[in-house]
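K.L.:
Here it is, the structure in full.
Coordinate-derived values only; no laboratory data. Since the structure is predicted, the reported quantities are computational estimates derived from the model, not experimental observations. A quick note on method: Cβ atoms are made from the backbone with ideal geometry, for glycine too, and the neighbour counts reach across all protein chains shown.
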Amino acid sequence: MKRVFVTGGAGYIGSVCVEELLNKGHEVTVFDNLSEGHRSAVDPRASFVEGCLSDAEKIKSALKESNAEAVLHFAAHALVGESMTNPSKYFTNNVANGLKLVDAAVEAGVKKFVFSSTCATYGPPDTIPMTEDLPQRPINPYGESKLMFEKVLRWYKEIHGLDFVAFRYFNAAGAGDKFGEHHKIETHLIPNVLKVALGQAENCQIFGTDYPTPDGTCIRDYIHIVDLAQAHILAMQPDKTGFYNLGNGDGYSVREVIETCEKVTGKKIPVIEKERRPGDPPKLVAAAHRAFNDLGWKPEYPKLQSIIESAWMWHQANPNGYPD
Ligand code: UDP
């Protein structure tokens, strides 16, 4: 059993991870300002502190109170498109405020810092599937902000001896038993397509049909949220440190995702073809062998269809998302 401090534990990925940590017998404190997250997405077995990463004193006191051995840092802004219009929001929260957390972690003698990074740190890759040693040349401020924080962690390891695991997530999707994806403003592909299946929208939009891919739409590697959560638990093993991709190694185009949603839901999804969304690389697919070999990670739900099935179950059970 470990005491774990989870920022962003009221958000999509954080909430599912908190549930899995508690199921494994860990003791969890969630620190979240509820700007994107939902109070009812916090597992009732966890302690909850409403606080913002801009508030260094609040972080320090909450971290001290939790007596945490590990910090899992999910809290961040994570929208590529928004980062292209409001970069300041991304650098302020994802870098400057993140620094307050990592400084507090060093001061509190935390042993392990697990960070939610992203495949957006690579930019358009020269080779597919993408290994961790590819050059990192982000093409949007979101990816750049996460890359900057990766560099902070590398130096904090070298200078302060803080062990870290930085996970470069590919596209997190699907739902756990209790918790799923509800963003206050939804921009992600799968929940937006499922909204059409639920009758809450008339059509979904495809952003760009002229990419250099077989059907002209962007290709992404979708990973089940529960598999993502399991990797975080494995990251807390002693002596594990470094950068790891988390993906399944299969790429699906936007059109293929929509077709799979039609198959899963049995509903026709009308589409509208739109311009490209700024900041989107054409194709991102992971090679995650490092996580398999080094952490012993093995995705249980690698198929897109099972990922979408779990999302569909959650959205049907929670058509309006969380109440708060
Ligand atoms: N996308 C789309 N329509 C939507 C939402 C997303 O065509 O309503 C595309 C988006 O341009 C990208 C892919 O779907 O190529 C995945 O986008 P998402 O926002 O889900 O995740 P991201 O890859 O940006 O993290």
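K.L.:
All but one of (1) more than 8 Å from the ligand (Cβ to nearest atom); (2) in contact (Cβ under 8 Å) with a residue 24 or more places away in the chain; (3) more than 19 Å from residue 143 (Cα to Cα) hold for residue 246, so report the exception by its number.
P.N.:
Single failed check for residue 246: (3).
K.L.:
Here are some residues: 239, 210. Which one is among the acidic types (Asp, Glu), surrounded by fewer than 17 Cβ atoms within 10 Å (Cβ to Cβ), more than 12 Å from the ligand (Cβ to nearest atom) and on the phi > 0 side of the Ramachandran plot?
P.N.:
Matching residue, one of 239, 210: 239.
K.L.:
Across the stretch 112-143, which residue is nearest to the ligand (Cβ to nearest atom) among those that are charged (D, E, K, R) and free of Cβ contacts under 8 Å to residues at least 60 places away in the same chain?
P.N.:
137
K.L.:
How many residues, within the stretch 81-127, are in a loop (DSSP other than H, G, I, E, B) and either loosely packed, with under 15 Cβ neighbours inside 10 Å or in contact with a Gly (Cβ under 7 Å, 6 or more places away or on another chain) (or both)?
P.N.:
Number satisfying all stated conditions: 8.
K.L.:
Still on this model: From (1) within 15 Å of the ligand (Cβ to nearest atom); (2) within 30 Å of residue 157 (Cβ to Cβ); (3) within 17 Å of the chain's Cα centre (by Cα); (4) of a type outside the set (Ser, Thr, Tyr), pick out the condition that doesn't hold for residue 234.
P.N.:
Single failed check for residue 234: (1).
K.L.:
Which of the residues that make up the stretch 165-207 are aromatic (Phe, Trp, Tyr), buried (at least 21 other Cβ atoms within 10 Å of the Cβ) and more than 12 Å from the chain's Cα centre (by Cα)?
P.N.:
Answer for the stretch 165-207, where residues must be aromatic (Phe, Trp, Tyr), buried (at least 21 other Cβ atoms within 10 Å of the Cβ) and more than 12 Å from the chain's Cα centre (by Cα): just 179.
K.L.:
If you don't mind, another one. Among the residues of the stretch 278-296, which ones are over 22 Å from residue 137 (Cβ atoms) and among the hydrophobic types (A, V, I, L, M, F, W, C)?
P.N.:
Of everything in the stretch 278-296, those that are over 22 Å from residue 137 (Cβ atoms) and among the hydrophobic types (A, V, I, L, M, F, W, C) turn out to be 291, 292, 295.
K.L.:
May I pose another question? Taking the stated definitions as given, is residue 301 without any contact (Cβ under 8 Å) to a residue 60 or more places away in the chain and in contact with a strand residue (DSSP E or B) (Cβ under 7 Å, 6 or more places away or on another chain)?
P.N.:
It is false that residue 301 is without any contact (Cβ under 8 Å) to a residue 60 or more places away in the chain and in contact with a strand residue (DSSP E or B) (Cβ under 7 Å, 6 or more places away or on another chain).
K.L.:
Looking only at the stretch 249-280, count how many residues are within 13 Å of the ligand (Cβ to nearest atom), part of a loop (DSSP other than H, G, I, E, B) and out of contact with any helix residue (DSSP H, G or I) (no Cβ under 8 Å at 6 or more places or on another chain).
P.N.:
Final tally of qualifying residues: 3.
K.L.:
Please go through the stretch 68-86 and give me each residue that is within 16 Å of the ligand (Cβ to nearest atom) and under 19 Å from the mean Cα position of the chain (by Cα), ordered by number.
P.N.:
74, 76, 77, 78, 79, 80, 81, 82, 83, 84
K.L.:
Which is acidic (Asp, Glu) and touching a Ser or Thr at 6+ places or on another chain (Cβ under 7 Å), of 163, 103?
P.N.:
163
K.L.:
On the given criteria, is residue 46 buried (at least 19 other Cβ atoms within 10 Å of the Cβ) and within 18 Å of residue 168 (Cα to Cα)?
P.N.:
So residue 46 fails the test.
K.L.:
Now, a different point. Restricting attention to the stretch 213-229, report how many residues are touching a residue at least 60 places away in the same chain (Cβ under 8 Å) and either in a helix (DSSP H, G or I) or within 11 Å of the ligand (Cβ to nearest atom) (or both).
P.N.:
So the answer is 11.
K.L.:
Tell me, which residue of the stretch 180-194 that is outside any helix (DSSP H, G or I) and near the ligand (Cβ under 8 Å from one of its atoms) is farthest from residue 35 (Cα to Cα)?
P.N.:
188
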